[in-house]
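Visitor: Before we start, here is the structure in question, set down as structure tokens.
The values are calculated or read from the model by the stated rules, or taken from the named source; none is laboratory data. None of the values given here were measured: they were computed from a predicted structure. Heads up, the Cβs are rebuilt from the backbone with ideal geometry, glycines too, and the neighbour counts pull from every protein chain shown. When the accessible area is computed, the model is the full protein with side chains, heavy atoms only, and any ligands, DNA or RNA have been set aside. Shrake-Rupley method; radii C 1.70, N 1.55, O 1.52, S 1.80 Å.
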Amino acid sequence: MTQTLTVRGACPHDCPDTCALLTTVEDGRAVKVHGNPAHPHTDGVLCAKVSRYTERTYHPDRLLHPMKRVGPKGSGQFARISWDEALDTVASRLSAISACDPQAIQPYSYAGTMGLVQGESMDRRFFHQLGASLLDRTICASAGGEALTQTIGGKLGMRVEFFAEAKLILIWGSNSIGSNLHFWRYAMAAKRAGARLVCIDPRKSETADKCHEHIALMPGTDAALALALMHELIVNRWLDQDYIDSHTIGFGNLCERALLWNPERAAAVCGINADQIRRLAHDYGTTQPAAIRLNYGMQRVHGGGNAARAIACLPALTGAWRYRAGGLLLSTSATVPAQRSALQRPDLLGPRRPRTINMSTIGQDLLQPSSPSFGPQIDALVVYNSNPVAVAPQSAQVVQGFAREDLFTVVLEHFQTDTADYADILLPATTQLEHWDIHLSYGHTDVLLNRPAIEPLGEARSNAQIFRDLGARMGFRDPCFADDDEALCRQAFAPASGVDFDALLRDGFAHPAVPEAPFAQGGFATPSGRCEFFSQRLADQGLDGLPDHVPNHEGAGSSSSYPLAMISPPARNFLNSSFVNVTSLRNIEGEPLLEIPPTDAAVRGVTSGQVVRVFNDRGSYHCKAEVSERARPGVVNGLGIWWRKMGLNGTNVNELTSQALTDMGRGPTFYDCLVEVQVENPACAA
Ligand SMILES: Nc1nc2c(c(=O)[nH]1)N[C@H]1C(S)=C(S)[C@@H](COP(=O)(O)OP(=O)(O)OC[C@H]3O[C@@H](n4cnc5c(=O)[nH]c(N)nc54)[C@H](O)[C@@H]3O)O[C@H]1N2
Ligand SMILES: Nc1nc2c(c(=O)[nH]1)N[C@H]1C(S)=C(S)[C@@H](COP(=O)(O)OP(=O)(O)OC[C@H]3O[C@@H](n4cnc5c(=O)[nH]c(N)nc54)[C@H](O)[C@@H]3O)O[C@H]1N2
Ligand code: SF4
Ligand SMILES: [Mo]
């Protein structure tokens, strides 16, 4: 008789939705992953990617055994070894490097899993004990995160469920249908109840198709638009003066700045029509409750921090925060505090203060020799929960760094990714169906627990177990290195946080008490307790205390060789570079694609289906062209982060992106990138 079980879990992916999962297990094999209907936010619905989770988990290419490199670096040739040999090799190499200078060892991880245990617990303890270099985890959200911190005090904001009650929703820099499906469901409920939806995005995305209005501004011009909206709010007195007086700081200074930005000036910068700006300002200034779903798409440019700061000022000007369905949501990840120091144990560093390497410039940094200013050359790299060879900017340098013969690289992975190809030792990691974890969300305010549904496949071990095993090999004696994965889950939240572990064990999710309208009575988490239009902290750093438009590093029109701006937003059926190797999802995405607007295509003789070369001084990327109105004049859209080895010439869009950083938060500038496009070889046309 078949034994059937249903196991409660959480989606581990870097997605604001953090869905509650139910996995059906028959005789020890996971047969289906569903959305948990009891979790209100998930509401029984998953995206296409995770509803095929069993296809990913039981993929014939899953890494099932430790392996060592047997061919040249990057060739991807490996031979199976035992766990003992793998752990001994890694421990002895790291010990030898550490004996000279532990800072020559570099961890590299991001949000392959967002779990607090498999993403930021035993791994951090291990590197802290070692005294390895720290990693500045900037690759996604640091410019916008810093902007929120400076303006409203942290990653705090509206509760996502109340968007359903808003009367006006600005979807700003986000393709919600693709990347934030459960928010989109609330937006659709609001639309059905009569709300107006406006999408602000250079690309005519699937989300833009379904909004009442689409404002297709040039990439990197959002601050100019926000300042012109303020201009109109001020001159028309569409302001909540009482809210401004009681709960903000720097209104006078902000007015001076905003009055420099009439709609005509902003329209010229944004490449849109001044009347569109006036209309939007009128709607925003005269409709309550008005809600802004800001997402990270608009902060991946030089002025991304200033832009997020300018937008974050808007709801305090109109008093939209007074309503639970008004205000702004970029990220709510700081709403329920986890005990990160208990999990990560930075105290294990003792008095040591290792240097910090920025993950967004890993290409440059791997190529740096030892020097007094840089410190030691990076001699060892331990990569987990990330695929930097595919996702980090300026791949040519990243690849050159990973190809260094003298670099010792360890990769913990599910699959032989572009990065895994460069490993010296490749270790098989468990998936979410095989391990314990606990999750916060950056798009809602619940906490979720993930229980293992099945035994680890092959010889896979969880990240936490691998670092525990390595710690034991290296003789780490602190009792914290003995904590098992379930014990780590229990350490994630203090009893005072209101997270009830028994409820998590029973239901798989918990709703800690969270205010409905966080700033209805002010109470911002800034030093002044107010929304800081003017930031003294920024001024003290020698920066502009007020938000301003900061032009792109690579502004349109600034290069005659590379006249087109390229953005590279995520593909709906991939999650960053995850799922690219899952056949059914790859079949939906087709192949690497560049959307090019009809006018720009015509002057280059580009037609749909042709292979084009997209290039700049950093490199060349070959892909199929699609002549499409989804791309606005002057802008091309290179979709999705394909695995390089699945691309036409073994590259992806990051061949073209640069390692220049944002104005705040030291973030990457993926969407601040100029290119030219050329028909590659007419014989290849489809
Ligand atoms: N299906 C799917 N879901 C995902 C992801 C994925 O890869 N696939 N990635 C996940 C991750 S890691 C993240 S960080 C989140 C966040 O997701 P985001 O990074 O916000 O990604 P998108 O929702 O696609 O929104 C980006 C949108 O911003 C637009 N954009 C580009 N440049 C600009 C600009 O200068 N100004 C404005 N206003 N818009 C601009 C793009 O055209 C795109 O439509 O999504 C997560 N969800
Ligand atoms: N051009 C361009 N580049 C971009 C972006 C863009 O929009 N355009 N987006 C950027 C953004 S927002 C982000 S967040 C980054 C994302 O970059 P990454 O964080 O590197 O995300 P992924 O590409 O999904 O790679 C995650 C890897 O972790 C592995 N993994 C998952 N779970 C586990 C686990 O439990 N254990 C181990 N050991 N491995 C696991 C997966 O198999 C996968 O290969 O990319 C950035 N790069
Ligand atoms: S990727 Fe996002 S939408 Fe899909 S299941 Fe995970 S949390 Fe839900
Ligand atoms: Mo991200």
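Visitor: With a ≥ b ≥ c the root eigenvalues of the C-alpha gyration tensor of the range 235-316, is it rounded (a/c under 1.5), prolate (a/b larger than b/c) or oblate? Write out the running numbers ahead of the final one.
Guide: Details: a/c = 1.41, a/b = 1.21, b/c = 1.16.
Rounded, because the longest to shortest axis ratio a/c is under 1.5.
Visitor: Please give the helix 304-318 orientation as an angle from the longest Cα principal axis of the chain, in degrees from 0 to 90, rounded to the nearest 10.
Guide: 50 degrees
Visitor: Could you sort Met664, Met67 by accessible area so the largest value comes first, with the probe set to 1.4 Å? Working shown, then result.
Guide: Values: Met664 15, Met67 35 Å².
Result, largest first: Met67, Met664.
Visitor: Using protein chains only and a probe of 1.4 angstrom, how many square angstrom of Asp502 are accessible, to the nearest 10?
Guide: For Asp502, solvent-accessible area is about 100 Å².
Visitor: On to the next question. For the chain, give the percent of accessible area contributed by carbon and sulfur heavy atoms, probe 1.4 Å, rounded to a whole number.
Guide: Numbers: 11680 of 23420 Å².
Percent of accessible area from carbon and sulfur atoms in the chain: 50.
Visitor: Additional query: Please name which of Gly508, His549, Phe467 has its Cα lying farthest along the dipole of the range 457-551 towards the positive end, using unit charges on Cβ (Lys, Arg +1; Asp, Glu -1) and the Cα centre as origin.
Guide: Of the listed residues, the answer is Phe467.
Visitor: Can you tell me the equivalent ellipsoid semi-axes for the range 4-57? Use √(5λ) from the Cα gyration tensor, largest first, whole Å. Working shown, then result.
Guide: Working: eigenvalues 66, 33, 13 Å².
With the √(5λ) rule applied to the range 4-57, the semi-axes are 18, 13, 8 Å.
Visitor: What is the dipole size for the range 564-685, taken about its Cα centre, with +1 at each Lys and Arg Cβ and -1 at each Asp and Glu Cβ, in debye to the nearest 20? Mind dumping the intermediate values first?
Guide: Values: 11 positive and 12 negative charges, 58 e Å.
Rounded to the nearest 20 debye, it is 280 debye.
Visitor: Sticking with this structure for a sec: Any idea of the accessible area per residue across the chain, 1.4 Å probe, to the nearest Å²?
Guide: Values: 23420 Å² over 686 residues.
Heavy-atom SASA per residue in the chain reads 34 Å².
Visitor: For Ser561 and Met646, calculate 0.36 nm times their separation in residues minus their Cα-Cα distance, and state this gained length in nm to one decimal. If you can, show how the numbers build up before the last one.
Guide: Values: separation 85, 0.36 × 85 = 30.60 nm, distance 2.84 nm.
27.8 nm is the gain from fully extending Ser561 to Met646.
Visitor: By average Cβ neighbour count within 10 Å, what is the ranking of 232-244, 372-384 from highest down? Each step should come with its number before you reach the end.
Guide: Values: 232-244: 16.5, 372-384: 18.8.
Top of the packing list down: 372-384, 232-244.
Visitor: To test your reading of the geometry: what angle, between 0 and 90 degrees and rounded to tens, separates the Cα axis of helix 463-473 from the longest principal axis of the chain?
Guide: 40 degrees
Visitor: Mind giving me the FRET efficiency for Ala602 and Leu260? R0 is 35 Å, r the Cβ-Cβ distance, nearest 0.05 is fine. Present the calculation step by step, with values, prior to reporting the outcome.
Guide: Numbers: r = 37 Å, r/R0 = 1.07.
The value I calculate is 0.40.
Visitor: Oh, and also: Report, to the nearest 10°, how far helix 274-286 tilts away from the longest principal axis of the Cα atoms in the chain, using its own Cα long axis and a range of 0 to 90°.
Guide: 90 degrees
Visitor: Provide Arg309, Arg192, Arg352 ordered by accessible surface of protein heavy atoms (probe 1.4 Å), highest first. Write out the running numbers ahead of the final one.
Guide: Working: Arg309 0, Arg192 185, Arg352 90 Å².
My answer, sorted largest first, is Arg192, Arg352, Arg309.
Visitor: Moving on. For the chain, give me the percentage of DSSP beta bridges that are antiparallel, rounded to the nearest 5 percent. Mind dumping the intermediate values first?
Guide: On the way: 40 of 83 bridges.
For the chain, the DSSP antiparallel bridge percentage is about 50.
Visitor: By accessible area of protein heavy atoms, probe 1.4 Å, what ranking do Asp283, Asp544 get, highest first? Write out the running numbers ahead of the final one.
Guide: Values: Asp283 20, Asp544 65 Å².
Largest accessible area first, the residues go Asp544, Asp283.
Visitor: Exceeding 24 Å between C-alpha atoms, which entries from my cross-link table qualify? They are Lys68/Lys645; Lys204/Lys645; Lys210/Lys645; Lys204/Lys624; Lys155/Lys191.
Guide: Lys204/Lys645; Lys210/Lys645; Lys155/Lys191
Visitor: Which of the peptides 81-94, 134-147 is most tightly packed, and how do the rest follow, going by the mean number of other Cβ atoms within 10 Å of each residue?
Guide: On the way: 81-94: 16.9, 134-147: 23.2.
Listed from highest to lowest mean packing, they are 134-147, 81-94.
Visitor: Here's something else I'd like to know. Tell me, how many Å apart are the Cα centres for the range 1-78 and for the range 335-393?
Guide: Each part's Cα centre sits 28 Å from the other's.
Visitor: Across the chain, how large is the tail of the calculated P(r) beyond 46 Å, expressed as a percent of all Cα pairs? If you can, show how the numbers build up before the last one.
Guide: On the way: 37410 of 234955 pairs.
Roughly 16 percent, rounded to a whole number.
Visitor: Can you tally the net charge around Asp600? Count Lys and Arg as +1, Asp and Glu as -1, for every other residue whose Cβ sits under 11 Å from the Cβ of Asp600. Present the calculation step by step, with values, prior to reporting the outcome.
Guide: On the way: positive: Arg604, Arg632; negative: Glu595, Glu676.
That works out to 0.
Visitor: What FRET efficiency, computed as 1/(1 + (r/R0)^6) with R0 = 51 Å and r the Cβ-Cβ distance, is obtained for Asp27 and Ser246, rounded to the nearest 0.05? Kindly include the intermediate steps, with their values, before the conclusion.
Guide: Details: r = 63 Å, r/R0 = 1.23.
Here the calculated transfer efficiency is 0.20.
Visitor: Subtract the Cα-Cα distance of Ala494 and Thr356 from 0.36 nm times their separation in residues, and report this length gain in nm to one decimal. Please list the in-between numbers first.
Guide: Numbers: separation 138, 0.36 × 138 = 49.68 nm, distance 2.84 nm.
Going from the current span to full extension adds 46.8 nm.
Visitor: Using a cut-off of 14 Å between alpha-carbon atoms, which aspartates and glutamates can reach Lys49, once sequence neighbours fewer than 8 places away in the same chain are excluded?
Guide: Candidates past the 8-residue exclusion: Asp14, Asp17, Glu589.
Visitor: What shape does the range 528-685 have by the C-alpha gyration tensor, where a ≥ b ≥ c are the square roots of the eigenvalues, rounded means a/c under 1.5, and otherwise prolate means a/b greater than b/c and oblate the rest? Please report the intermediate quantities before stating the final value.
Guide: Details: a/c = 2.49, a/b = 1.71, b/c = 1.46.
Prolate shape, in that a/c is at least 1.5 and a/b is the bigger ratio.
Visitor: Would you mind counting up the charge near Ala228? Only other residues with Cβ under 15 Å from its Cβ, with Lys and Arg at +1 and Asp and Glu at -1. Spell out each step's value before the answer.
Guide: Working: positive: Arg257, Arg265, Arg278, Arg279; negative: Asp222, Glu232, Glu256, Glu264, Asp275, Asp283, Asp548.
Overall, the nearby charge balance is -3.
Visitor: Work from the charge dipole of the chain (Cβ charges, +1 for Lys and Arg, -1 for Asp and Glu, about the Cα centre) and give the residue of Pro107, Ile169, Ala79 farthest towards its positive end.
Guide: Ile169
Visitor: Using unit Cβ charges (K, R positive; D, E negative) and no other charged atoms, how large, in debye to the nearest 20, is the dipole of the chain about its Cα centre? Mind dumping the intermediate values first?
Guide: On the way: 61 positive and 71 negative charges, 93 e Å.
So the magnitude is around 440 debye.
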